[in-house]
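Here the structure comes first, spelled out in structure tokens, and everything after it is commentary.
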Amino acid sequence: MQTSELQFFKDMLLNRKQQILKNIDGVNSELSDLSNLELNDEGDYAAANNNTAIEGAIAQQQIEELEEIDNALKKIENGGYGVCEMCEDDIGFQRLKVKPHAIYCIDCREIAEKNQ
């Protein structure tokens, strides 16, 4: 992969990382606000509990994506970016544009998903 392409993906990954960190801060703030609410009845409690569960799930998903982004950034630095972890072929440019932290090429992704 050319240096300009690596820089393009590094910029994409860093921008997404910044966006996720902002989102996680927002979720943590909302969870804090929910915990400070005065709940008057079971309905309020159930609604707050539901919101907490949803916000927590979103935060967990974002934390996992953040880890994938950090791994992709390490691969850029180490020279292994854009190589499928299963078959060791190049991951297509278009796939990386859609998911710059992809670890599998499109064929291996399908195999990995079927095995889950």
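One chain, two ends: Glu5 and Ile24. Fully extended at 0.36 nm per residue, the span grows by 4.0 nm beyond their Cα-Cα distance.
Close amide-amide hydrogen proximity is noted between Gly92 and Ile106, each under 5 Å apart and 5 or more residues distant or on a separate chain (H modeled in the peptide plane; Pro and chain starts excluded).
With 0.36 nm allotted per residue and the present C-alpha distance subtracted, the Glu77-Leu14 stretch has 21.4 nm of extension available. When each of the peptides 99-108, 5-14 is scored by how many other beta carbons lie within 10 Å of its residues on average, the order from highest to lowest is 99-108, 5-14.
Values in this text are rule-based calculations from the coordinates and carry no lab data. Everything numeric in this text was worked out from a predicted model, so none of it was measured. Don't worry about glycine lacking a Cβ; one is built from the backbone with ideal geometry, like all the others, and counts go over all protein chains shown.
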